[in-house]
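**Q** Mind looking over this structure? Questions follow.
What follows draws every value from the coordinates through simple rules; no lab data is involved. Quick caveat, the model's predicted, so the values are computed rather than measured. As a convention, Cβ positions derive from the backbone with ideal geometry for all residues, glycine included, and neighbour counts pool all protein chains shown.
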Amino acid sequence: MSKNGPIALIYHTLFVIFMLAPIVVVCWVAFTPEGFLSFPTTDWSLRWFRAIARYPEFISAFWQSLGLGALSSALAVGFSVPAALAIARHRFRGREAFTALFMSPLMIPYIVLGIAFLRFFTEIGLSGSFTGLVLAHIIVVFPFALRLTLASAIGLDRSIEHAAVSLGASEWTVLKRVTLPLVVPGLASGWALAFINSFDEVTMTVFIAGPGTATLPVRMFLYIQDNIDPLVTSVSACVIAITVAGLVALDRAYGLERLLVGRGHDGR
Amino acid sequence: MAFLQLDALSKAFGPHKAVDGLTLGVEKGEFVSLLGPSGCGKTTTLQMIAGFVEPSGGAIRLEGKDLLAVKPAKRGLGIVFQSYALFPHMSVAENVAFGLEMQGVAKAERAKRVAETLGLVGLGAFAARFPRQLSGGQQQRVALARALVIRPQILLLDEPLSNLDAKLREEMQIELRQIQRTVGTTTILVTHDQAEAMALSDRIVVMNQGRAEQIAPPHEAYERPATPFVANFLGKTNLIDGKAVRPERIEFASSGLAGTVRTRIFQGNHWLYQVETASGLLTVIRQNAGGTMPEEGASVHLAWAAP
Ligand SMILES: Nc1ncnc2c1ncn2[C@@H]1O[C@H](COP(=O)(O)OP(=O)(O)OP(=O)(O)O)[C@@H](O)[C@H]1O
Ligand SMILES: [Mg+2]
């Protein structure tokens with residue numbers, strides 16, 4: 001590997017600062033003892049972390065977001081596999097149209113989707129329900145899941161599957177023993193990307209979540225409309241801490257690179 | 001009827017005929033090569049036998065039975081793909097065991113046969129490795145072991161050696177030939193390398209634009225090419241008075257066709273000459289026996305036995 005020149009080094013440093021600054025600021029402010037967003041704070045206190053305990057709705061909203069993100073991303077990835085295999089391998093009539101349709105949620109402003117879903121769910125009696133949230137989230141995260149499953153389906157060498165067939169494997173066995181294991185890195189990164197999008201989606205969700213089904217970002221959004229205290233920063237700091245802990249644990253257990261890129265860190 | 005019989009086998013992709021009426025009989029235990037330039041339909045032919053490409057015409061029979069009616073998974077053929085197509089997420093042993101598992105072979109028997117076959121290809125010590133931890137030649141041998149272990153009726157090899165460097169390729173050719181002799185599996189090899197085809201095969205099928213130009217043992221095809229295409233494809237050739245004369249058949253003599261040496265290239269075990277004559281520029285190959293040879297610019301006479 002070639003060494004970075006000084007200009008590249010400065011550029012990269014600035015870039016990393018630019019990326020990390022908001023996170024650092026949020027975490028910093030979370031430790032203020034003041035009753036407002038004071039930055040930079042010079043005194044330190046866990047006051048606003050203790051305050052979270054007095055708002056159990058933040059904690060239940062966190063679990064709500066986690067469950068919603070995990071479920072809708074898993075379902076979106078599940079649906080994206082057959083779609084990706086079909087788009088990657090077959091030239092059928094309407095192939096471009098299907099791809100465009102699957103990608104279209106990206107193109108529509110989420111506020112429009114939110115209003116449309118609100119109307120639709122009220123019509124069919126799903127408004128404010130968890131089922132409704134899952135359905136809506138599957139649709140908005142589907143393009144992210146599909147993009148990555150599609151990439152790994154296109155990268156799959158057909159002759160590997162042919163080899164399995166020639167050795168006597170049935171279609172189902174080929175899918176289970178060869179195709180799926182080979183696209184798992186794509187599925188994992190597709191799921192991760194979908195999950196992140198579901199977890200922080202607020203524009204659309206604010207319309208369709210009911211009082212009992214509000215997600216964490218929706219709760220925070222509603223909270224800051226009425227309050228100016230730093231509670232949301234301590235909640236954010238907790239989410240950031242949980243994310244970092246989760247990533248570290250995943251990396252220890254499986255190797256993030258292997259899971260998301262499809263290669264181990266030993267460069268094998 | 002031959003063991004494997006291709007009858008007027010054809011495949012058209014739209015208006016383009018990739019394989020055009022190929023008829024070929026392969027005997028049991030025979031090693032046959034499909035040889036031809038890029039795009040002449042070799043892979044397509046192999047894929048039709050394997051069942052991954054559906055013929056647009058003709059028939060394929062194995063021991064007299066219609067092979068096209070059999071699903072690819074049930075044909076019992078061993079295939080080595082050009083890209084090896086090993087299962088990257090399985091160890092070498094798991095790769096080789098896969099076919100046996102599909103046949104429902106019991107675990108103990110499976111392990112025994114996997115070890116046996118890995119021994120045959122000289123990879124006994126590599127069973128626990130993953131494909132990405134092996135060199136190209138080793139991967140190729142795993143692919144071969146994976147295809148052989150199911151005791152296929154026919155072994156289909158699609159340019160299995162083309163990714164290897166020259167020295168390794170030569171070693172693998174010898175090994176492949178020995179293994180094929182030991183196991184006695186009927187083998188069809190696809191290659192565009194004429195030396196490889198001639199070194200390995202009992203018979204070669206020289207293909208051009210989807211057709212077989214000649215089907216013959218290598219020696220016969222080389223000495224008595226059926227068409228100018230075959231003559232050219234199987235090595236350097238001179239066209240003298242409408243007859244093909246191989247460069248190594250021409251000698252320097254005291255009398256004969258007069259000419260002047262244009263260029264002389266030393267190639268280790270032989271000399272390669274270009275001689276200007278009344279019949280045009282002729283290529284002459286002479287073994288390097290250590291003696292003095294005509295230099296560039298020298299006047300020489302050329303003689304050869306009528307082919
Ligand atoms: N799926 C396909 N669709 C359209 N044309 C194809 C397809 N597969 C092969 N062909 C065409 O058929 C012809 C024969 O292809 P084939 O792959 O059999 O050649 P080959 O002899 O194996 O060549 P190479 O030595 O380059 O591998 C080529 O002209 C190729 O472009
Ligand atoms: Mg080919």
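**Q** Report, to the nearest 10°, how far helix A:6-30 tilts away from the longest principal axis of the Cα atoms in chain A, using its own Cα long axis and a range of 0 to 90°.
**A** 60
**Q** How much length would be gained if the chain were fully extended between A:Arg119 and A:Val184, taking 0.36 nm per residue of separation minus their Cα-Cα distance, in nm to one decimal?
**A** 19.7 nm is the gain from fully extending A:Arg119 to A:Val184.
**Q** In terms of Cα to Cα distance under 22 Å, which lysines are near enough to B:Lys107, apart from those fewer than 8 places away along the same chain?
**A** Cα-Cα hits under 22 Å: A:Lys176, B:Lys74.
**Q** Moving to a separate point now. Taking amide hydrogens as modeled 1.01 Å from N in the peptide plane, which residues meet the under 5 Å criterion relative to B:Leu34, leaving out close sequence neighbours?
**A** B:Leu189, B:Val190, B:Thr191, B:Val205
**Q** Let me ask something else. Take the Cβ-Cβ distance between A:Thr203 and A:Met19 as r, set R0 to 30 Å, and report the resulting FRET efficiency rounded to the nearest 0.05.
**A** That pair, A:Thr203 with A:Met19, gives E of 0.85.
**Q** So how far apart, in nm, are the two label points at A:Trp44 and B:Phe13 if each is 7 Å from Cα heading toward Cβ?
**A** Here the answer is 6.7 nm between the modelled labels.
**Q** At what distance in nm do the modelled label points of B:Ser254 and A:Ser60 sit from each other, each positioned 7 Å from its Cα along Cα→Cβ?
**A** 11.6
**Q** Would you pull out the residues with amide H under 5 Å of B:Ile250's amide H, same chain only if 5 or more places away, H placed 1.01 Å from N?
**A** The list, which skips near neighbours in sequence, is B:Ile285.
**Q** Short version: ³J(HN,Hα) in whole Hz for each residue of the range B:100-117, in order, from phi by Karplus 6.51 cos²θ - 1.76 cosθ + 1.60 (θ = phi - 60°), x for Gly and Pro, what are they?
**A** 5, 4, 5, 7, x, 5, 4, 4, 4, 4, 4, 4, 5, 5, 4, 4, 4, 5
**Q** Which whole-Hz ³J(HN,Hα) couplings does the range A:211-217 yield from phi under the Karplus relation 6.51 cos²θ - 1.76 cosθ + 1.60, θ = phi - 60°, glycine and proline marked x?
**A** x, x, 10, 4, 8, 4, x
**Q** For each of B:Thr44, A:Thr13, count neighbouring Cβ atoms within 10 Å of the residue's Cβ, then give the residues from fewest to most.
**A** Lowest count first: A:Thr13, B:Thr44.
**Q** Normalise the Cα radius of gyration of the range A:150-261 by 2.2 N^0.38 Å (N = residues in it) and let me know the number. Intermediate results must be reported in sequence, preceding the final value.
**A** Working: Rg = 20.8 Å, N = 112, 2.2 N^0.38 = 13.2 Å.
The value comes to 1.57.
**Q** Then there's this: Can you work out the PRE-style zone for A:Ile111? Point 7 Å along Cα to Cβ, and I want the residues of the range A:202-239 with backbone N under 18 Å.
**A** The answer is A:202-209, A:218, A:221-222, A:225.
**Q** Considering chain A as a Gaussian network with a 10 Å cut-off on Cα pairs, which listed residue, A:Ile208, A:Ile228, A:Ile196, attains the greatest mean-square fluctuation?
**A** Most flexible of the set in this elastic network: A:Ile228.
**Q** Continuing with this model, one more query. Give the long-range amide H neighbours of B:Val53: residues separated by 5 or more places, or on another chain, with amide H under 5 Å away, using H modelled in the peptide plane at 1.01 Å from N.
**A** B:Met48
**Q** I'd like the mean, over residues of B:78-90, of how many other protein chain beta carbons sit within 10 Å of each residue's own Cβ.
**A** Average neighbour count from other chains, rounded to a whole number: 5.
**Q** State whether chain A is rounded, prolate or oblate according to the following rule on the C-alpha gyration tensor (a ≥ b ≥ c being the square roots of its eigenvalues): a/c under 1.5 gives rounded; otherwise a/b larger than b/c gives prolate, and the remaining case gives oblate.
**A** Details: a/c = 2.27, a/b = 1.40, b/c = 1.63.
In terms of gyration-tensor shape, oblate.
**Q** I've got another one for you. What FRET efficiency would be calculated for the residue pair A:Ala151, B:Thr283, taking the C-beta separation as r and a Förster radius of 51 Å, to the nearest 0.05?
**A** My answer for the efficiency is 0.50.
**Q** Another question about this same structure. Residue by residue through the range B:4-10, what is 3J(HN,Hα) from phi via Karplus (6.51 cos²θ - 1.76 cosθ + 1.60, θ = phi - 60°)? Round to whole Hz and write x for glycine and proline.
**A** 10, 10, 9, 10, 6, 5, 9
**Q** For chain B, what is the mean residue ellipticity at 222 nm derived from helices alone (per DSSP H run of n ≥ 4: -39500 (n - 2.57); sum divided by total residues; nearest 500 deg cm²/dmol)?
**A** -8000 deg cm²/dmol
**Q** Out of every Cα-Cα pair in the range B:4-229, what percent are more than 23 Å apart?
**A** Every Cα pair in the range B:4-229 considered, those over 23 Å come to 47 percent.
**Q** Can you list which of the chymotrypsin sites (Phe, Trp or Tyr not before Pro) found in the range B:215-259 are DSSP loop residues with at most 13 other C-beta atoms within 10 Å? Provide the component values of the computation, followed by the final result.
**A** Working: sites: B:Tyr222, B:Phe229, B:Phe233, B:Phe252; in loops: none.
In loop regions of the range B:215-259 (DSSP not H, G, I, E or B), there are no sparsely surrounded chymotrypsin sites (Phe, Trp or Tyr not before Pro).
**Q** Here is a follow-up. Tell me, A:Asp43, B:Asp158 in order of fewest to most beta-carbon neighbours within 10 Å?
**A** A:Asp43, B:Asp158
**Q** Quick check on chain A: helices-only [θ] at 222 nm, where DSSP H runs of length 4 and up contribute -39,500 (n - 2.57) each and the sum goes over total residues. Nearest 500, please.
**A** Rounded to the nearest 500, it is -23000 deg cm²/dmol.
**Q** Order these by the 10 Å Cβ neighbour count, fewest first: A:Trp172, A:Trp28.
**A** Numbers: A:Trp172 8, A:Trp28 16.
Taking fewest neighbouring Cβ atoms as first place, the list is A:Trp172, A:Trp28.
**Q** Now for a separate question. Please give, to one decimal in nm, the separation of the simple spin-label points placed at B:Met1 and A:Phe130, each 7 Å out from Cα toward the Cβ.
**A** 6.4
**Q** If r is the Cβ-Cβ distance from A:Ser104 to A:Phe221 and R0 is 30 Å, what FRET efficiency results, to the nearest 0.05?
**A** The formula returns an efficiency of 0.70 here.
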